[in-house]
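Derivation of every value follows stated rules applied to the coordinates shown; laboratory data play no part. Here the structure is a predicted model, which means the values were calculated and not measured. Glycine also receives a Cβ, built like all others from the backbone with ideal geometry; neighbour counts cover every protein chain displayed.
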Amino acid sequence: METLQIAATEESPGINFDRENGKFLIFGKSFPEEVKKFYNPVFYWLEEYIKEPNEESIFEFRFEYFNSATSTILLEIFYMLEKIITEENKKVKIFWNYLEIDDDMLDKGQEYAEMIKIPFEYIIIEDY
């Protein structure tokens, strides 16, 4: 399975999904003009990954900022990742990174954790 790499811009996040190395990261800012179009490659990649996931998958999210349209997309991604647990009986964990002073980002991660059946680990970071 090919690695999915998308470079970060001022409006869209960087994405690095590397099955072989077990690294699945989305980072930066996310408020692309056409959010669904931007995230389509992520959905396609995840659809393929879900068919034969690693024994354990740790997805890391390190957002500086994301808008409400991205918030909806993230929930869709989490529901897809949930299928790895429910349908494939494999382990999934979310690492949710946030600055210590960014209570809003922590709160958002906690809201997601309440909506899905994937364990979240909250990681305080110094800088993006």
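Within 13 Å of the chain's Cα centre (by Cα), closer than 26 Å to Glu10 by Cβ and in a strand (DSSP E or B) - does that describe any residue in the stretch 34-56? Taking every residue of the stretch 34-56 in turn, none turns out to be within 13 Å of the chain's Cα centre (by Cα), closer than 26 Å to Glu10 by Cβ and in a strand (DSSP E or B). Within the stretch 59-83, being among the β-branched types (Val, Ile, Thr) and surrounded by fewer than 17 Cβ atoms within 10 Å (Cβ to Cβ) holds for one residue alone: Thr72. Among the residues here, Lys37 does not qualify as surrounded by 13 or more Cβ atoms within 10 Å (Cβ to Cβ), among the charged types (D, E, K, R) and either touching a Ser or Thr at 6+ places or on another chain (Cβ under 8 Å) or under 24 Å from Thr3 (Cα atoms) (or both).
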